[in-house]
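A.B. asks: What follows is a single structure, and I will ask about it in a moment.
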Amino acid sequence: MKKGKRRHKLWIGMAAAVVLLNAAAWNSTAFCDAYIAWIFPVWVNTYGRITGLFPFSVGEWMIVAGLVLLGCAFVLAPAAALAVCIPLPAFRRIRGKCLGMVKGFYVFFIWTLLIVCLVMTLNCFILYHASTFSEKYFGERGSEAEGTYTANELILLYNEIAEKCNTLSRQVERDEQGRIVYPGGLLENGEIGTMEEKAIEIMKQLGETYPQLDGYYPSPKPLFFSDFICQQYMQGYYFPFSMEANYNDVMYILNKPACMCHELAHLRGYIYEDEANFISYLACIQSDDIYFQYSGYLSVLPYVSNDIYALQETKSSAEWDVYPIRLYEQVYEDDVFVTQEEWDRINGKAIFDTETVDQVSDAFVDTTLRVNRVEDGMVSYSRVVKLLLQYQRIQAGQEEGSGW
C-alpha cells in the first residue's frame, strides 16, 4: 500500500514538472535561452554519447517498441474487463494472476508515458520558445536587414545559388551512369573520413562563428526503415528521446550532406526547421568539400525557386533590373529526392500506399509544429528564404562598410 502511494506521488510530481516546465517555456524566452545554454548540452554530452555507442538508430527502435506498447495497452484493457465479467469457475483460478499482470503492465505504461512527456519537454518543447538564430547572432544588424525584400534582391540570391549549382555540378565525381559518387571527405587531421565525420567537422567549424553550434555531436545514423521514410517524403529526423540525428539512407546521395547538418543543428538547440535549413546551408557552403557545398546550395534552391515563381505571378518582369539565370540540365537531374529505380522498388513492396503515408505524415508534422506555436506549420520550412535574404543584406552591408 505504501509502495503504491509513493508511486502515485512520483507520478504526480513528474506530471507537475512537465506542466511547470512547459508553462515556464511558453512565458519566458530568457528561461529557454538559459536552459539551452547550460542544461540542454548536458543531455547531448551524456545521453547522446550513450546512444551514440550503438551503430543503429536507437530512437527508431524506441518508436517501434512504443507502438507495440501502445497496441498492448489497447488490447489488454478490454481483455481484462472481459476476464472480470466471465463468471465461469475455470477462469476464477487464473483471474487473479491475469489481473495482477495487467495491473503491472499499466503501471509500466504510465511510467513510460510520463518519462516520454518529460523527455520530450526537455529535449524538444522548450526549444521552440527560445530566441531565434537571427535574434541571437544578427542582433541589430538583423533588425535593420529585416523588412520587405525587393524582387531584385530575391533574383540576385537565386542567381548566386543557381550559378554555384551550375559550377559544382561539373566538378563532382560521377559513375558511368552519371550519378554522384562520394569518395570521402578530407578531414582536418589529413585523413579521409566518412560523410558523417565530415558533417560533424564542418558543424564544429561553424561553431567557431556561432558558439551555440560548438560542442559534441553524435554521429548521424541511417534509418533502418528508410523505405517507409521515403514514403513520407522525409529526409531525416531528430529523435529527442534518443538524442540522435537520423537520415534517410535510400534518398539520393546529394541530399545526405545537408540533411545530416540539418539534423545535427537540432542537437544544438535549433528546433525550428527554417533555422536548421539555414544553419545546414551555411555549414555546407563554407566547407572545403565540394559535395557538401553542392548539397548545401541544392537544399535551398527549391525554396528560392518557388519564391521566384510566385514573384513572376505577381510582378511584371519589366520592373526587374536583373533576371534569373538558367540552370544546367544536370542540376535538374541532381535535384531529386529518390531515384526512379528506388521508387519502383519501394512502391513494389510497400504495405501502405505512398500517397496515404505522405498525407498522414504531413498532417502529423504540421499539427506538431502548430501545437508548438509554429503557426504556419510545414510551410515554415520555406521561411529559410527570409533568413537567406537577411543574411545577404548583412553581408552586403559589411562589404560596403556600412557599420553593420
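The values are calculated or read from the model by the stated rules, or taken from the named source; none is laboratory data. Just so you know, these numbers come straight off a predicted model, no measurement behind them. For neighbour counting, all protein chains shown are included, and Cβ atoms are generated from backbone atoms with ideal geometry for every residue, glycine included.
A.B. asks: Can you tell me which of Asp335, Asp344 is modelled with pLDDT of 95 or more and within 26 Å of the chain's Cα centre (by Cα)?
C.D. replies: Asp335
A.B. asks: For the stretch 11-24, does any single residue satisfy the condition of being under 30 Å from Phe225 (Cβ atoms), at pLDDT below 85, in the same structural domain as Leu122 (by TED's automatic domain parsing) and part of a helix (DSSP H, G or I)?
C.D. replies: Checking the stretch 11-24: not a single residue is under 30 Å from Phe225 (Cβ atoms), at pLDDT below 85, in the same structural domain as Leu122 (by TED's automatic domain parsing) and part of a helix (DSSP H, G or I).
A.B. asks: Out of the residues in the stretch 261-276 meeting the condition of being outside any loop (DSSP other than H, G, I, E, B) and under 9 Å from the mean Cα position of the chain (by Cα), tell me which one is farthest from Gly377 (Cα to Cα).
C.D. replies: Leu264
A.B. asks: Restricting to the stretch 322-363, what's the tally of residues that are farther than 25 Å from Met378 by Cα, among the polar types (S, T, N, Q) and surrounded by 13 or more Cβ atoms within 10 Å (Cβ to Cβ)?
C.D. replies: Total satisfying the criteria: 1.
A.B. asks: Another question about this same structure. Across the stretch 236-260, what is the number of residues that are among the β-branched types (Val, Ile, Thr) and part of a helix (DSSP H, G or I)?
C.D. replies: Adding up the residues that qualify gives 1.
A.B. asks: Next question. Have a look at Glu135, Glu140, Glu153 and point out the one that is under 19 Å from Ser380 (Cβ atoms) and at pLDDT below 95.
C.D. replies: Glu135
A.B. asks: Going by the conditions given, is Gln395 in a helix (DSSP H, G or I) and free of Cβ contacts under 8 Å to residues at least 40 places away in the same chain?
C.D. replies: Against the criterion (in a helix (DSSP H, G or I) and free of Cβ contacts under 8 Å to residues at least 40 places away in the same chain), Gln395 qualifies.
A.B. asks: Let me ask something else about it. Starting from the stretch 326-352, take each residue that is touching a residue at least 24 places away in the same chain (Cβ under 8 Å) and list its partners that are of a type outside the set (S, T, N, Q) and part of a helix (DSSP H, G or I), counting only C-beta distances under 6 angstrom and pairs at least six apart or across chains.
C.D. replies: Taking only residues 6 or more apart or on different chains, the pairs are Leu327/Ala162; Val331/Cys165; Asp334/Leu254; Asp335/Leu298; Val338/Cys230; Ile346/Asp227; Ile346/Cys230.
A.B. asks: Follow-up. Which of the following residues is surrounded by fewer than 23 Cβ atoms within 10 Å (Cβ to Cβ), within 28 Å of Glu341 (Cα to Cα), of a type in the set (Ser, Thr, Tyr) and in contact with a Lys or Arg (Cβ under 9 Å, 6 or more places away or on another chain): Tyr252, Tyr233?
C.D. replies: Result of the check over Tyr252, Tyr233: Tyr252.
A.B. asks: Search the stretch 187-200 for residues being without any contact (Cβ under 8 Å) to a residue 40 or more places away in the chain and of a type outside the set (Gly, Ala, Ser), and hand back the single one that is surrounded by the fewest Cβ atoms within 10 Å (Cβ to Cβ).
C.D. replies: Once the filter is applied, the top-ranked residue is Asn189.
A.B. asks: Consider Cys261 carefully, then state whether it is crowded, with 22+ Cβ neighbours inside 10 Å, touching a residue at least 12 places away in the same chain (Cβ under 8 Å) and closer than 24 Å to His129 by Cβ.
C.D. replies: yes
A.B. asks: Separate question: Output the residues belonging to the stretch 5-27 that are polar (S, T, N, Q) and in contact with a helix residue (DSSP H, G or I) (Cβ under 8 Å, 6 or more places away or on another chain).
C.D. replies: Selection gives Asn22 alone.
A.B. asks: Here is a follow-up. Go through the stretch 255-275 and give me each residue that's under 15 Å from Pro220 (Cα atoms) and of a type in the set (A, V, I, L, M, F, W, C).
C.D. replies: The answer is Ala258, Cys259, Met260, Cys261, Leu264, Ala265, Leu267.
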